[in-house]
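Taking it in order: structure first as C-alpha cells, then the write-up.
The values are calculated or read from the model by the stated rules, or taken from the named source; none is laboratory data. Keep in mind that this is a model prediction, so the values were computed, not measured. Note that each Cβ is placed from the backbone with ideal geometry, even for glycine, and that neighbours are counted across all protein chains shown.
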Amino acid sequence: MTQYKNYASIAVLILSISFAACRKENKTTTLNIGFSHSVGNKAFIQDSLQYVNAAGNHYEVNDLQYFISEVILHKSDGENVAIITDNGIHYVDIDIPGTLSWNIGQQIPTGNYTSVSFTFGINEAKNKTGLFLNPPQRDMFWPDPMGGGYHYLKMNGQWVDTLDELMLFNFHIGIGMMEGMGFVQNYFTVNVPNSGANLTSDADQKLLLNMDIASWFETPILWDWNTIGGSIMQNQGAMYMACENGADAFSCKWSNN
C-alpha cells in the first residue's frame with residue numbers, strides 16, 4: 001500500500017509540473033503599435049518648407065496617409081505570429097491623431113522575437129474596390145481604370161524647382177500599369193531592422209514604428225523632382241523607384257506601457 005501511495009504521489013507531482021509548464025508556455029501579452037515620423041534625424045514638422053533632400057530639392061510635406069498590413073512577429077523558434085486585428089490592415093493619417101496608434105485586440109504569445117515585418121500597402125487578394133465603405137479609408141480609393149482598390153500611400157507637398165518656383169507634388173503609390181504587362185502590384189515587404197524583442201507578460205508591450213520621410217527621396221535611389229516630376233500615379237517607373245526607396249524607410253523601438 002505504501003508503495004502504491006508513493007507512485008500516486010509521484011504521478012500527481014508529474015501532472016502538476018506538466019500543468020505548470022503548460023501555463024508558462026501559454027502566457028500571452030497585449031500589444032500596441034504606434035506610428036511616428038521624422039525627416040532624417042529631425043522631427044517631422046508638417047507644412048514646413050525646411051527640408052532639403054540629397055538632390056538639393058527644398059520641400060515640405062502637407063499630407064501623409066498610408067496603409068500597412070500583414071504585420072508578422074517572427075519568433076526565434078521559427079513560429080510566426082500574424083496580426084489579424086482589423087483584417088490585418090491599419091490606416092495612418094498625420095491629420096487624424098487616433099490613427100497613430102493601433103491597439104491590437106489579440107493576445108500575443110510571450111517569448112523571444114527576432115524581427116518584425118509588414119507589407120507596405122495592401123496585397124492584391126484584399127485590395128479590392130469596396131473593401132472600405134467609410135471615410136477616411138474609403139477616400140484612399142485608387143481609380144478603377146488604373147486597377148482599383150486603394151492607394152498604398154498618399155504624400156502631398158511642395159518643392160522649389162530650378163526657377164525658384166513652388167511646385168506641387170503628389171507622391172502616390174498604388175497599382176501600376178505597364179504596356180504589355182497590364183496591372184502591376186507595387187505593395188512591398190518591409191523587414192524592420194533591429195526589431196527583435198523579448199516579450200513578457202509583466203507589462204503591455206508597445207512597438208513604435210517610425211517612418212523616415214527623407215528616405216523616400218534619397219536611398220537607395222536619388223530622387224529629384226525636377227527630372228521625375230510632381231505626379232507619379234501613372235508613371236510605373238517612378239512608382240517602382242519610390243517602392244525601392246520606401247523599403248528602408250522604417251525603424252522601430254520597443255517599450256513597456
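Right, TYR59: over 18 Å from ASN32 (Cβ atoms), buried (at least 19 other Cβ atoms within 10 Å of the Cβ) and either at pLDDT 95 or above or touching a strand residue (DSSP E or B) at 6+ places or on another chain (Cβ under 9 Å) (or both) or not?
Numbers: over 18 Å from ASN32 (Cβ atoms): yes; buried (at least 19 other Cβ atoms within 10 Å of the Cβ): yes; either at pLDDT 95 or above or touching a strand residue (DSSP E or B) at 6+ places or on another chain (Cβ under 9 Å) (or both): yes.
It is true that TYR59 is over 18 Å from ASN32 (Cβ atoms), buried (at least 19 other Cβ atoms within 10 Å of the Cβ) and either at pLDDT 95 or above or touching a strand residue (DSSP E or B) at 6+ places or on another chain (Cβ under 9 Å) (or both).
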Checklist entry - Of the residues TYR59, TYR66, TYR91, TYR113, which single one is in a strand (DSSP E or B) and more than 21 Å from the chain's Cα centre (by Cα)? => result TYR59
Item to check | Residue list for region 217-252, restricted to those being farther than 30 Å from LEU31 by Cα, among the polar types (S, T, N, Q) and not in a loop (DSSP other than H, G, I, E, B) | outcome: ASN226, THR227, SER231, GLN236
Item to check | Selected residue [more than 26 Å from SER117 (Cα to Cα) and not polar (S, T, N, Q)] from VAL184, VAL190, VAL160 | outcome: VAL160
Checklist entry - Which residue, of ILE108, ILE104, is in a strand (DSSP E or B), buried (at least 17 other Cβ atoms within 10 Å of the Cβ), touching a helix residue (DSSP H, G or I) at 6+ places or on another chain (Cβ under 8 Å) and aliphatic (A, V, I, L, M)? => result ILE104
Checklist outcome for this item: With the first residue restricted to region 201-226 and required to be more than 11 Å from PHE250 (Cβ to Cβ), and the second required to be in a strand (DSSP E or B) and among the polar types (S, T, N, Q), Cβ contacts under 6 Å at 6 or more apart or on different chains are SER201/THR29; ALA203/ASN256; ASP204/THR30; GLN205/THR29; LYS206/ASN32; LYS206/SER255
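Does SER255 satisfy being part of a strand (DSSP E or B) and crowded, with 16+ Cβ neighbours inside 10 Å? So that I can check it myself, show each step before the final result.
Working: part of a strand (DSSP E or B): yes; crowded, with 16+ Cβ neighbours inside 10 Å: no.
No: the conditions fail for SER255.
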Checklist entry - Does region 80-94 hold any residues that are surrounded by fewer than 13 Cβ atoms within 10 Å (Cβ to Cβ) and in contact (Cβ under 8 Å) with a residue 40 or more places away in the chain, and which are they? => result none
Item to check | In region 69-92, residue modelled with the highest pLDDT [restricted to those that are of a type in the set (Asp, Glu) and within 23 Å of PRO193 (Cα to Cα)] | outcome: GLU70
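Would you say TRP216 is crowded, with 19+ Cβ neighbours inside 10 Å, modelled with pLDDT of 95 or more and touching a helix residue (DSSP H, G or I) at 6+ places or on another chain (Cβ under 6 Å)? Steps first, please.
On the way: crowded, with 19+ Cβ neighbours inside 10 Å: yes; modelled with pLDDT of 95 or more: yes; touching a helix residue (DSSP H, G or I) at 6+ places or on another chain (Cβ under 6 Å): yes.
So TRP216 fits the description; yes.
Given the structure, is TYR113 among the hydroxyl-bearing types (Ser, Thr, Tyr) and touching a helix residue (DSSP H, G or I) at 6+ places or on another chain (Cβ under 8 Å)? Can you show your working first?
Working: among the hydroxyl-bearing types (Ser, Thr, Tyr): yes; touching a helix residue (DSSP H, G or I) at 6+ places or on another chain (Cβ under 8 Å): no.
No.
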